[in-house]
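To start, the structure itself, in structure tokens.
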Amino acid sequence: MNFILFDNFRRSNLFPLTYLRPVADIRIGILTIREKWEKYLEHKTSTLTESYLRKKFPIIREDDNIMINGSVCPNKDLVSEILSLRTGEVLFQGDAIIARRAHAIELDGLDEEKVDEVNMVESKSSLIKITHTWDIFSLNGEAIKNDFDLLTAQRISEPVSESNQVMGDKIFLEKGAKVECSVLNSTTGPIYIGKDAEIMEGSLIRGPFSLGCHSVVKMGAKIYGPTTIGPHCKVGGEINNSVFFAYSNKAHDGFMGQSVIGEWCNIGADTNTSNLKNTYDNIKLWNYADQTFVETGLQFCGLIMGDHSKCGINTMFNTGTVVGINSNIFGSGYQRNFIPSFAWGGTGGIKIYHIDRAVSVAKKVYQRRGLDFNQVEEDVLRDIFNLTKEPLS
């Protein structure tokens, strides 16, 4: 059986987080959605996504394929429903196509509005489905708990040092994880510390919380769950109900709440993110598909930041701010609520961050982590630059 995770027509609702990745590579909980599926299926997956991403995420076609909606997180019941599909059958729930079993010749023709109703099978499973960017932090608590159970079943944690103050019994440390002189409270949700990750002295951690492999929580940090810090990140200060994908840093003091940070981002020292309006009104957030601000239905919502974006020290982000791909933001005062991709500047004015300069910086950032920013990565970034190019003022 060949498994393909597909991006559906709502992918643009998840910009800027899906500019550089398929929807399935969003991190929610401990794992990315793809990693969850591969754990449950015990099988590698490929992706049906936008043409400019296919060099980096090539599709694998076989005679018999099961296509799975990349915005849906798996569970035991859902996997059973999907594996029971016969050729030509489509699994759905509400207005969403969940999965389809198809021959190779049909793979490019997944039109959710033209599916044969005769072959429709309704899913009865309870789903975690990512439709909007704010779903990532809103549903993160449930996703952490599910991933924790999946990853720790019938396994024994590495010992937790006696120098820590521990509350609750849902704490799991992978091999090489280090935690000293900190407070770990898992009575509010599980705490998962990945391989070779470290929580430094004086940190206060309240679950649900996940720290990815090789990531660091710096001394004296205060982190409220549900929060996910992906692999190879460094964080400090105060964080509440936020998700960092991977390779991003918020290494210093400053508050961040109800936020999602992509990969290769850097948050300057003493940067603060507002997550609640003084009027207590629900928050609107920029939507790329509609080209306007849309209702989130949430009273708490902070910052959505796309990959490779950075901000200077003492940056202040308004409630419900969206920053695109590869922007460099700085300046005193509150930033505007929507900052487009490849923007350079802030409250004093914005100009275009030239693509050649952006590529040069990305290469240096990768080199610092021992990685190669290769031609495929560069081509994708240049494609995004051309796709998102717009006048700045």
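The values are calculated or read from the model by the stated rules, or taken from the named source; none is laboratory data. Note that the structure is predicted; figures quoted are calculated from it, not measured. Heads up, the Cβs are rebuilt from the backbone with ideal geometry, glycines too, and the neighbour counts pull from every protein chain shown.
Kindly establish whether Asn75 is under 15 Å from Phe3 (Cβ atoms) and either in contact with a Gly (Cβ under 8 Å, 6 or more places away or on another chain) or touching a residue at least 40 places away in the same chain (Cβ under 8 Å) (or both). In short, no. Only residues that are surrounded by fewer than 20 Cβ atoms within 10 Å (Cβ to Cβ) and either more than 15 Å from the chain's Cα centre (by Cα) or outside any loop (DSSP other than H, G, I, E, B) (or both) were counted in the range 118-133, giving 11.
Filtering the range 159-170 to residues that are among the hydrophobic types (A, V, I, L, M, F, W, C) and either crowded, with 20+ Cβ neighbours inside 10 Å or assigned to a strand (DSSP E or B) (or both) leaves Val166, Met167. Here the condition is being assigned to a strand (DSSP E or B) and either modelled with pLDDT under 95 or not small (Gly, Ala, Ser) (or both); of Ile223, Ile144, Ile156, Ile136, it holds for Ile223 alone.
Take the conditions (1) over 27 Å from Gly324 (Cβ atoms); (2) within 17 Å of the chain's Cα centre (by Cα); Leu31 misses just one of them, which is (1). For the range 249-264, the count of residues that are within 30 Å of Asp372 (Cβ to Cβ), assigned to a strand (DSSP E or B) and more than 16 Å from the chain's Cα centre (by Cα) is zero.
With respect to (1) under 24 Å from Asn275 (Cβ atoms); (2) modelled with pLDDT of 95 or more, the lone exception for Leu381 is condition (1). Looking only at the range 339-355, decide whether some residue is crowded, with 19+ Cβ neighbours inside 10 Å, closer than 27 Å to Lys56 by Cα and in contact (Cβ under 8 Å) with a residue 60 or more places away in the chain. There is at least one residue in the range 339-355 that is crowded, with 19+ Cβ neighbours inside 10 Å, closer than 27 Å to Lys56 by Cα and in contact (Cβ under 8 Å) with a residue 60 or more places away in the chain.
Within the set Gly370, Gly345, the sole residue that is small (Gly, Ala, Ser), in a strand (DSSP E or B), over 21 Å from the mean Cα position of the chain (by Cα) and in the same structural domain as Ser309 (by TED's automatic domain parsing) turns out to be Gly345. Residue pairs whose Cβ atoms lie under 6 Å apart, sitting 6 or more positions apart in sequence or on different chains, and linking a residue in the range 177-198 that is under 18 Å from Gly141 (Cβ atoms) to a partner that is modelled with pLDDT under 95, are Gly189/Gly225. Filtering Asp379, Asp307, Asp383 for residues that are exposed (fewer than 15 other Cβ atoms within 10 Å of the Cβ), closer than 19 Å to Glu50 by Cβ, in contact (Cβ under 8 Å) with a residue 60 or more places away in the chain and charged (D, E, K, R) leaves a single hit, Asp379. Do we have any residue at all in the range 175-188 that's under 21 Å from Tyr247 (Cβ atoms) and either in a loop (DSSP other than H, G, I, E, B) or not basic (Lys, Arg) (or both)? Looking through the range 175-188, at least one residue is under 21 Å from Tyr247 (Cβ atoms) and either in a loop (DSSP other than H, G, I, E, B) or not basic (Lys, Arg) (or both).
If you check Leu17 against the conditions, is it modelled with pLDDT of 95 or more and out of contact with any Lys or Arg (no Cβ under 8 Å at 6 or more places or on another chain)? Yes: the conditions hold for Leu17.
Of the residues contained in the range 281-295, none is found to be in contact with a Leu (Cβ under 9 Å, 6 or more places away or on another chain) and within 25 Å of Pro231 (Cα to Cα). Would you confirm, using the coordinates I've provided, whether Ala246 is in a loop (DSSP other than H, G, I, E, B), outside the structural domain of Val23 (by TED's automatic domain parsing), surrounded by fewer than 16 Cβ atoms within 10 Å (Cβ to Cβ) and touching a residue at least 60 places away in the same chain (Cβ under 8 Å)? So Ala246 fails the test.
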